Structures are given as structure tokens and as C-alpha cells.
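To keep things clear, I will list the structure first and then write my remarks on it.
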Amino acid sequence: MALFSKREAEETTVAAEPAEKIFDLSSLDAALLAGFDVALSEADAMNIPAVAAAVSFISRTVAGIPVKMYKTEDGKSEEVTDDYRLRLLNRETGDLLDANQMKAAMVKDYLLCGNGYVYVNRLGLQVESLHYVEPIHISYDEPTDPIFKATVFHINGNRYLDYKVMRILRNSVNGINGSGVVEENRVLLDTMLGSLKYERNMVKTGGKKGFLKTKSRVKQEALNALRNGLRRLFSNETGDSVVLLNDGLEFQDVGQTAVETQLNQNKLTNSKEVLELFGIVPGVLTGNATEADIKNTVEFGIKPVVKALETAFNRFLLLESEKDRLEFCIDMDELDMTNILTRYQAYEVAVRNGWMQLDEVRYEEGRNPLDLKFIRLGLDTVIYDPVKKEIYTPNTKKWVKFDENTEQIGGDENDESGDQSG
């Protein structure tokens with residue numbers, strides 16, 4: 001009696017066959033691999049010196065600026081120093097990463113891939129801890145309604161509601177994910193990475209190019225031996241220092257070609273363009289920046305990232321009942337001293353000309369008003385009332401009717417500056 005039916009035997013045979021081999025790009029020859037359009041990853045981009053320098057500069061700078069909290073009530077603003085969330089954002093996050101590392105990681109992801117994610121661990125209404133999550137571990141449900149967008153995030157197979165995943169997004173159109181520098185400038189970065197790989201191959205093989213001259217035909221065996229000898233001579237893998245040339249053979253070095261010279265020039269130009277993509281003036285990293293260079297770098301490279309972080313902190317870490325009176329602020333004053341001077345000079349002009357008062361300036365700067373109830377006027381200022389058609393001159397203390405028969409209607413009776421003629 002058969003133990004298996006025919007169908008069961010066929011299924012057993014199929015199951016015993018080896019599984020289909022997975023296609024592995026890494027096993028392909030380099031020349032064949034060049035035919036595939038392999039997407040440039042964020043890790044590949046960080047191998048480019050200009051990209052690594054820009055990302056490191058911005059992420060470390062932003063992460064090092066302390067986060068403050070301000071409370072606004074009855075038109076007055078004051079700093080809050082005892083809120084528990086400040087500790088999470090400035091010192092301990094409750095995760096293996098401290099606050100500085102968490103913010104730096106968020107900014108790095110924001111710049112490179114457009115998404116910086118942090119899981120907000122809440123116990124009731126209170127934030128217990130903050131946990132940075134790499135974008136590769138996060139997926140989401142695509143919104144079905146283009147107007148009333150909604151989503152659910154997935155991390156390692158677990159579902160998390162929208163408000164539990166704090167995020168900073170670069171050039172986002174859906175509020176869920178964004179696009180980073182790598183995606184938007186893939187051709188430029190891939191070209192620069194290709195140039196670096198070309199240099200690496202030259203270094204590994206010695207980079208010596210040339211050709212052999214001979215007056216007579218050389219046997220193939222002799223040519224093969226000569227090629228191997230030259231390869232060992234110019235390679236970093238052996239210590240050979242001498243190659244014997246047969247009689248009549250001469251090696252001529254072609255030197256640096258025009259293409260290689262152009263590649264070096266392109267590398268310098270492309271590095272400058274990469275820094276500009278991040279809003280950084282090259283002189284800031286080379287140490288010869290002017291005040292204008294620093295100001296432009298802060299304005300276009302640092303401030304947009306700071307604003308994205310501030311918005312995320314206020315959106316995801318404050319309760320709805322707190323959002324009207326509390327806000328997190330990353331203080332840029334210490335970083336941007338040149339902007340302070342420009343701003344204060346503008347305030348000086350505004351106050352001197354009377355269209356802003358001291359309390360208004362203090363409020364704009366996040367400082368409490370002094371309750372100054374008077375308005376500053378210069379003694380040389382003549383005031384005109386266009387409704388009553390009257391002019392007041394402060395230094396003579398007189399109101400004058402401005403018409404055909406100019407008539408004085410007020411002033412100091414003891415004023416000796418008036419007309420003393422009969």
C-alpha cells in the first residue's frame with residue numbers, strides 16, 4: 001500500500017528542490033554593474049567630503065543651541081525655566097541618545113533624506129521620553145483624501161497614531177515625508193561620487209599611464225610578462241621597484257591628461273555647489289568668511305532648520321490647551337551677532353522717528369514691557385493736526401491755527417519768545 005498519493009509525492013518533490021537564488025548586485029562584475037541605474041543612498045552621499053562637511057556643520061550647530069520656553073499672558077512674555085520638557089530637549093531624552101545626539105540625528109536625516117522622526121512616548125498627557133527613529137524603519141498609510149489628510153505610521157510592524165511621531169520634513173507636500181538633498185540633486189552627487197571612485201581606482205592601481213614603443217614585433221609571452229611587471233611596479237600591493245625591458249622596448253609616460261585636469265577643476269566647482277545647496281558660504285568652512293558670509297550662512301543654512309525644529313516641538317510636545325500661551329524657542333541671538341546689530345540699528349531708527357516705542361521694541365525682542373505710558377518726541381518736531389488744521393511747536397509751547405490769517409490760539413503767557421513789538 002502506497003504511503004503517499006501521487007499529488008502528495010509531487011508536492012514533496014517540489015519542496016525538496018533548492019529555493020530560487022536571490023539576485024545579488026554585489027556579485028556582478030563592475031563593468032556589468034555600471035549598466036544598472038543604482039539609486040544613490042544617503043550613506044553614499046556622506047562619502048562625499050563636501051556633503052559630510054555641510055551636514056556635520058549644520059547638524060552640530062543646531063543641536064548645540066539650547067531650547068528655551070516662553071509664556072505669554074496679558075501681552076507680557078516671560079521665560080519658563082522649570083518645565084520638565086526642557087530637560088528632555090536639552091539634556092536627557094530618556095533614550096540611549098542624549099538630547100544633543102537626538103537633535104543632530106534629526107537634522108542629518110532632515111537634510112539628506114527629508115525626514116527626521118522622533119517617537120513621543122507619553123504617559124497620559126505627560127511626555128515621558130523622546131526616541132529617535134531612523135527613517136528606514138518607518139512606513140505609513142498613504143492618505144486617501146487629498147484635502148483632509150490623515151495617516152497611521154508603522155514602526156517594526158506596530159501601528160502608531162499621527163501625534164505620536166514627531167517629525168521635521170523638508171519640502172513636504174503631504175506632512176508625512178519630505179525630499180532631501182540626495183533625492184533632489186542625485187545627478188550632481190552621483191557625479192561627484194563617481195569622480196571619487198575614479199581617484200580611488202587610480203590610487204589602488206598606481207595610476208601610472210603610458211605606452212610602450214618598439215621598432216620590432218614582440219611576442220605575446222613577452223608582452224604578458226611585461227604587463228605583469230609594470231602592474232606590480234605601479235601597484236600598492238607589492239614592493240617591486242624594478243622592471244626589466246627587453247632590448248628595443250621603451251616606456252613613455254603620458255602624464256596627466258586634459259580629462260584628469262578637468263576632473264580636478266570640476267571637483268572644486270561641484271564642492272562649492274554642494275555647500276550652496278545647504279545654504280553654506282564656502283568661506284565659513286575654510287576660515288576666511290566675512291561678516292556677510294556668516295550672516296548669509298545663518299540666514300539660509302541654519303535658520304530654516306531651526307524653524308523646522310521649533311515648529312515640531314511646539315506642535316507635538318505642547319497640549320492643545322497650552323499652545324496659545326506657551327512656546328518653545330531656539331535662541332539664535334548668540335549665534336547670529338551680526339543680525340542682532342542690524343536689527344538693533346533698525347529699532348534705533350524706528351524709535352528715533354517715533355513710529356515705534358520702547359515697549360514695542362522690547363515686546364518684539366521677547367522681553368517684558370516697562371509700562372512706559374509716554375511717547376518720546378523731539379523738541380525740534382512740529383506737530384500738525386490735519387483735522388483741526390492746527391500746528392503745535394514744542395519748543396515754543398504754542399498751538400497755531402494754520403489758515404490765511406494765522407492765529408495763535410494757545411501757549412505760555414509768560415513766554416518771552418513771542419513778538420514784543422508795540
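Working note: Debye formula, equal point scatterers on the alpha-carbon atoms of region 26-167, no solvent; log10 I(q)/I(0) at q = 0.11, 0.20 Å⁻¹ is -0.60, -1.25. Near Y132, the amide H atoms lying under 5 Å from its own belong to Y119; only residues 5 or more places off or on other chains count, and H is placed 1.01 Å from N. Extension gain for the segment Y384 to T72, taken as residue separation times 0.36 nm less the Cα-Cα distance, is 108.6 nm to one decimal. Computed from backbone phi with θ = phi - 60° and the Karplus coefficients 6.51, -1.76 and 1.60, the 3J(HN,Hα) list for region 101-114 is 5, 4, 5, 5, 5, 4, 5, 4, 5, 4, 6, 7, 10, x Hz; x is used for glycine and proline.
Counting charges near E73 (Lys, Arg +1; Asp, Glu -1) among other residues having Cβ under 11 Å from its Cβ returns a value of 0.
Sorting D82, D109, D74 by accessible area puts them as D74, D82, D109; the probe is 1.4 Å, largest comes first, and only protein heavy atoms count.
Could you calculate the contour length gain from E142 to R91, that is, 0.36 nm times the residue separation minus the distance between their Cα atoms, to one decimal place in nm? List each step's numbers first, then the result.
Values: separation 51, 0.36 × 51 = 18.36 nm, distance 3.50 nm.
Contour length minus Cα-Cα distance gives 14.9 nm.
Which entries of K76/K164; K76/K401; K108/K323 have Cα-Cα distances beyond 30 Å here? Exceeds cut-off: K76/K164; K76/K401. Proximity of backbone amide H atoms, modeled 1.01 Å from N, is registered between M69 and V80, C329 at under 5 Å, excluding neighbours fewer than 5 places apart on the same chain. Where in region 63-99 does the amide nitrogen come within less than 20 Å of the point 7 Å from the Cα of K164, taken along Cα to Cβ? Under 20 Å, as judged by backbone N against the label point of K164, lie 93-97 of region 63-99. Put the Cα centre of region 342-361 next to the Cα centre of region 86-115 and the gap is 37 Å.
The values are calculated or read from the model by the stated rules, or taken from the named source; none is laboratory data. Here the structure is a predicted model, which means the values were calculated and not measured. A quick note on method: Cβ atoms are made from the backbone with ideal geometry, for glycine too, and the neighbour counts reach across all protein chains shown. For accessibility, only protein heavy atoms count, side chains too; no ligands or nucleic acids. Shrake-Rupley method; radii C 1.70, N 1.55, O 1.52, S 1.80 Å.
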